[in-house]
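Novice: Provided herewith is a single structure, encoded as structure tokens, for subsequent inquiry.
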Amino acid sequence: VYIYDVPHVSGARRSMEAETIWGYPLKDTIKGTSSSRLTDLQQHNLGSMILDRVSRSNRCRALDPETADIYVVPMFSKDMSQQVSEREKDHVYEFAPDEQRLEIDELEERILRIDWASELKYLSKETATKHIILSPEMFGLLGFLEQNRRDRENFILEIGARKNTRPLLKFLWGTSEFHESTYWAGDLSQRMRSVSVIGPVKYISFPYPSSVRTISASDIHSTAHRPWIWTKERAMQRKYLMSFGGSVNGMEQAVVLRKFLRKECARLGEPKCLSMVTDKGFSKMEAALDAKRRSVFCLEPPGFGFVRKSVVDSLSLGCIPVIFMPNDDVWQKYWATLWSMSMKKDMAIMINGYDLVDGKISLYETLTSISAERVREMQKSISNNYHKLHYSNIDYPGDAMERLLHILKAFGAKREKPHVCRDLIKEPYGILPFTRTNAPSNDGSCQKAKCAANQVYMQ
């Protein structure tokens, strides 16, 4: 991995202390002491975690750009805290606080202003698909920009409309979400979001980092992966059948589901269900993590997106996540890059949230119908595989960080197939070739008028 050092592009560097990146130590509620294993981690810190680990790695960092498989372009957000009042800092916003919105706005303007072809010395036609922009505090940079746009056009469309930013369409784009049209802001369809003026945009979705640090320096010398102690705690050692920690905030349909789960948990009572939900969420991360350690199942409803950092926390603590997906199609997209369908099948339970709210199925009956033998099998699978979703702060072979880098390498090296004909959609800045709804004719040719318009635009 080659990391660019271009101050004009990256902006002012923020603090990169280990605790800022990897989380502040929390109290172990069982031992009653501070734990280096439990951290209060910012869930959008993955960008800074990648930068920190790669910069310290003797195996992964390429000092010679000619030998690099991946080119990382850091983009640090500008500190906007002084421009936000104390009242605004304490306010709960639908998507992001004003401070973060201002930071995103500044990042957006910088991205659109830079002449990328001239600023990045090693950017070429051959290496463009090996480049990725990383914002330390917001790994899902593209997703944040899309959701934050204030009465503006789609961000990808604007990138494609500007000559200076068009090379970015060939870049890899990292996000913690998967792309689902019902979630993204605006009314553009999934197809329109995933295909740019010069071909498919390479979105790559990765799990959030966990607040549980399951791998230590001593593990690096182990000849084989050793299951983490918290994932060994079996069902008979866990006090609660299920638990739910979080808030009732989120997308409209998520709020309905979360309120239903809070009410259902209260009805069932302990030890069937432990609920720590209030309108403003829970105040102590320690209590939430402790509940996961003591529960067989952890309820993981969607919030402002379909995915939750809490899912990885649950897996790291040996709790089987219960994920509320509307159908198998959405379930397949859930962190598909690192979490295969076979892993999902053996490490999580999927329940249709709509059917649950409508009273078609019972949460308690669904979970209690799972045999003890099946629960043990799932717990064993979690114990053996959780490290594949865990980002370690050391060079641990086979963890999520190393797998992520290998996937970026593979995506960057993958050659694209020739374009087929696409419909042309008129936009404010010209004609943009987008969807693949029309199949080519029998001889492989396109309609002459469309091809001519496409060629003119591309030139």
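The values are calculated or read from the model by the stated rules, or taken from the named source; none is laboratory data. Given the structure is predicted, the values throughout are model-derived calculations rather than measurements. Note that we place each Cβ from the backbone using ideal geometry, even for glycine, and neighbour counts take in every protein chain shown.
Novice: Within the range 343-363, which residues are assigned to a helix (DSSP H, G or I), of a type outside the set (D, E, K, R) and touching a strand residue (DSSP E or B) at 6+ places or on another chain (Cβ under 8 Å)? Working first, answer last.
Specialist: Taking the range 343-363 as the starting set, the residues that turn out to be assigned to a helix (DSSP H, G or I) are 343-347, 353-357, 363.
Going one step further and asking which of them are of a type outside the set (D, E, K, R), we end up with 343, 347, 353-354, 356-357, 363.
Met347, Gly353, Leu356, Leu363, listed by residue number.
Novice: Within the range 323-336, how many residues turn out to be surrounded by 18 or more Cβ atoms within 10 Å (Cβ to Cβ) and either part of a loop (DSSP other than H, G, I, E, B) or more than 18 Å from the chain's Cα centre (by Cα) (or both)?
Specialist: Adding up the residues that qualify gives 3.
Novice: Tell me, yes or no, whether the range 364-374 has at least one residue that is touching a helix residue (DSSP H, G or I) at 6+ places or on another chain (Cβ under 7 Å), farther than 26 Å from Lys130 by Cα and at pLDDT 50 or above. Spell out the reasoning first.
Specialist: Start the filter on the range 364-374 by keeping residues that are touching a helix residue (DSSP H, G or I) at 6+ places or on another chain (Cβ under 7 Å), which leaves 364, 372.
Keeping just the survivors that are farther than 26 Å from Lys130 by Cα gives 364, 372.
Pick out the ones that are also at pLDDT 50 or above and you get 364, 372.
Yes, some residue in the range 364-374 is touching a helix residue (DSSP H, G or I) at 6+ places or on another chain (Cβ under 7 Å), farther than 26 Å from Lys130 by Cα and at pLDDT 50 or above.
Novice: Search the range 349-400 for residues being free of Cβ contacts under 8 Å to residues at least 40 places away in the same chain and under 15 Å from Leu315 (Cα atoms), and hand back the single one that is farthest from the chain's Cα centre (by Cα).
Specialist: Out of the qualifying residues, it is Glu377.
Novice: Sticking with this structure for a sec: Name the residues in the range 286-306 that are part of a strand (DSSP E or B) and either surrounded by fewer than 23 Cβ atoms within 10 Å (Cβ to Cβ) or touching a Pro at 6+ places or on another chain (Cβ under 6 Å) (or both), would you?
Specialist: Going through the range 286-306, the residues part of a strand (DSSP E or B) turn out to be 295-300.
Correct list: Cys298, Glu300.
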